[in-house]
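Report on the structure given below.
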Amino acid sequence: MMRALYSGVAGLKTHQTRMDVIGNNIANVNTTAYKSQSMVFSDLMYQTTQAASGANATTGVGGINARQIGLGSKTGAIKTAITTQGAAQSTNDPFDVMITGESFFIVSNGIENFFTRDGSFYIDGAGNLAMTSNGYNVMGWQVDPADPTAIKQDTVSALRVMTLENMTYPAAATTSARIAGIIDKKDNDVNSTDGKIMNLEFYDNKGYKYTARLSVHAINGDTGEFYVKLDDVLDSDGTSIVPEGTDIKDLITFNGTAGATFTPPGGTEQTVQNAALLKYDASNGNFSYVGAAGGTAVTLAFDTTAFPSFQNISIDFSATTNVNNNEYSTATAIRGDSEGRNAGRKVGEMSGIDIQKDGMIYATYDNGQKRLLGQIAVATFANASGLAKEGDNLYSATMNSGEFDGIGTDITSGGGYMNTGVLEMSNVDLAAEFTEMITTQRGFQANSRIITVSDTLLEELTNLKR
């Protein structure tokens, strides 16, 4: 039989394989994070009808090249454009995550790990972050038991981000507060009997909110002397927590003293219960000190027998000044210190989950708190093209891709990052695929002609016996 016949058959098979690759690319043009493939040809093998010979220096006869007849083509390689980034598709789903860079998410079916660029995730019934398509768990690192604000980079495990413990954030009592603003010596409220009222809202350690009513009174504004008095403490309904017939100083003390002695302008010395002296520099109005012993803060102290869920509150006055403000004082009481710490809070309900660019997962709560839940780890490979496709947008490690060490890396260590609310689209170029389809069709057509012409030649041969 003619060798050309078999070369044509080999060519047809090879072009059919190339068409299969093209068809698969086009079929996956809208598959999340799909990486297109391309095929290259190589010649199959050769039949040598005469070996090459060297030149004869004695006779002067030159050498002869080998005579070889090719027997068709074969698939040389099928390459995957695995490192070519696909375009971003906006979904606005906070659990849709796109990797920028050459890393892979690590997912598990409970038995073995796989790798994917498909970041379409959701929270399953057990609270695990999982792939939407097949339910495989997304793997990462857990919070360090010794430090709830840090991640312990160890062997990857399933990221269980929704648990009963994570659904709420505990309440905390207020232990710090500050007074900030201007106290104008000519303010009518400051010079009145009731004084300039400042309401300090605070929490006990059960998360209940209360209000301490403080008032600022002038002693001698020209010398920068005032006193601050605790008038009452109210619950969230506006009811005093001090039982009727009980003196407030017996349960709640301000500045740690039973009373303070002051001499108002033109008056006589008097003792004011639950009050602290507030002093400013008469030359420039800058804060000087507060309290009986001086300093920047006084203490609102509670009787722990009567109020076991309360904690003492240190109130800092250093952010106040005594300057002209058109006879209007702006002094205001604020929970927490100057950096917002120790402000107290109610019990918080989880209001959302946020995935950061480095894969850190935080829960947010309606009391303003955040909690670290874990971190999505990624895998990188020396030869990502060597990964084996497993279907379902999954890859597995091979001997030629390099092994996964079971721990993974932080995506930002390689210059990559994660975006939420977007997914990576397929990197298939339809224009290129259609062009490849045309050349493949023509190649298949040409190889079929080899077969038909070879058949015609064989027919002529068989007709010789007629």
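Is the shape of the range 66-145 rounded, prolate or oblate, going by the alpha carbon gyration tensor and its root eigenvalues a ≥ b ≥ c, with a/c under 1.5 for rounded and a/b larger than b/c for prolate?
It comes out prolate by the Cα gyration axes.
Using alpha carbons only, how many angstrom separate the centre of the range 426-464 from the centre of the range 212-262?
When both Cα centres are located, 98 Å separates them.
Tell me, how many Å apart are the Cα centres for the range 77-97 and for the range 35-50?
32
Do me a favour and compute the ellipsoid semi-axes for the chain from its Cα gyration tensor, root of five times each eigenvalue, largest one first, whole Å.
86, 22, 19
Set Lys and Arg Cβ to +1 and Asp and Glu Cβ to -1, take the dipole of the chain about its Cα centre, and tell me which of Val21, Ile450, Ala431 lies farthest positive.
Positive-end residue among those listed: Ile450.
How big is the dipole moment of the range 300-428 about its Cα centre under a simple scheme where the beta carbon of each Lys and Arg is +1, that of each Asp and Glu is -1, and everything else is neutral? Debye, nearest 20, please.
Here the range 300-428 has a charge dipole of around 200 debye.
Under 8 Å for C-alpha pairs, at least 6 residues apart: give me the relative contact order for the range 210-309, rounded to a whole percent.
26
Residues with amide H under 5 Å of Ser288's amide H, sequence separation 5 or more or different chain, H placed in the peptide plane at 1.01 Å from N; which?
Lys279, Tyr280, Asp281
Under a plain spin-label model, where a point goes 7 Å from the Cα along Cα-to-Cβ, how far apart in nm are Thr193 and Asn324?
Those two pseudo-labels are separated by 3.2 nm.
For a quick check: sort Asp124, Asp455, Asp184 by the number of other beta carbons within 10 angstrom, fewest at the front.
Asp455, Asp124, Asp184
Mind checking which of Gly416, Met167, Ser73 is farthest towards the positive end of the chain's charge dipole, using Cβ charges of +1 (Lys, Arg) and -1 (Asp, Glu) about the Cα centre?
The residue sitting most towards the positive pole is Ser73.
As an exercise, take the mean of 1/r over every pair of distinct alpha carbons in the range 176-335, invert it, and state the Kirkwood radius in angstroms.
15.9
What net charge is computed for the residues neighbouring Ser42, neighbours being all others with C-beta under 15 Å from the C-beta of Ser42, Lys and Arg scored +1, Asp and Glu -1?
So the environment of Ser42 carries a net charge of +3.
Any idea how far apart Ala27 and Thr398 come out in nm if each label point goes 7 Å out from Cα toward Cβ?
Here the answer is 1.9 nm between the modelled labels.
Among residues other than Thr452 whose Cβ falls under 14 Å from its Cβ, what is the net charge (Lys/Arg +1, Asp/Glu -1)?
Computed value for this residue: -2.
Would you compute the Debye intensity of the range 40-189 from its alpha-carbon atoms alone, equal scatterers and no solvent, and pass along log10 I(q)/I(0) at q = 0.08, 0.16, 0.21 Å⁻¹ to two decimals?
With one equal scatterer per Cα and no solvent, log10 I(q)/I(0) is -0.58, -1.06, -1.36.
Just name one of Ser309, Ser90, Gly8: the one whose Cα is farthest towards the positive end of the charge dipole of the chain (beta-carbon charges, Lys/Arg +1, Asp/Glu -1).
Going by the charge dipole, the pick is Gly8.
Which residues' amide hydrogens lie under 5 Å from the amide hydrogen of Phe41, considering only partners 5 or more residues apart or on another chain, with H built in the peptide plane?
Long-range HN contacts for Phe41: Gly76.
With an 8 Å cut-off on Cα pairs and a minimum separation of 6 or more residues, tell me the relative contact order of the chain in percent.
In percent, rounded to a whole number, it is 23.
Between Gln445 and Ala87, what is the label-point separation in nm under the 7 Å Cα-to-beta-carbon projection?
That separation, rounded to one decimal, is 3.1 nm.
So if I place +1 on the C-beta of Lys and Arg and -1 on the C-beta of Asp and Glu, and nothing else carries charge, what would the dipole magnitude of the range 136-225 be about its Cα centre? I want it in debye, nearest 20.
Magnitude of the dipole: close to 200 debye.
Give me the net charge of Ala146's neighbourhood, meaning all other residues with Cβ under 13 Å from the Cβ of Ala146; Lys, Arg count +1, Asp, Glu -1.
Once all neighbours under 13 Å are counted, the net charge is -2.
Values in this text are rule-based calculations from the coordinates and carry no lab data. Quick caveat: nothing in here was measured; it's all calculated off a predicted structure. No Cβ is skipped: glycine too gets one built from the backbone with ideal geometry, and neighbour counts run over all protein chains shown.
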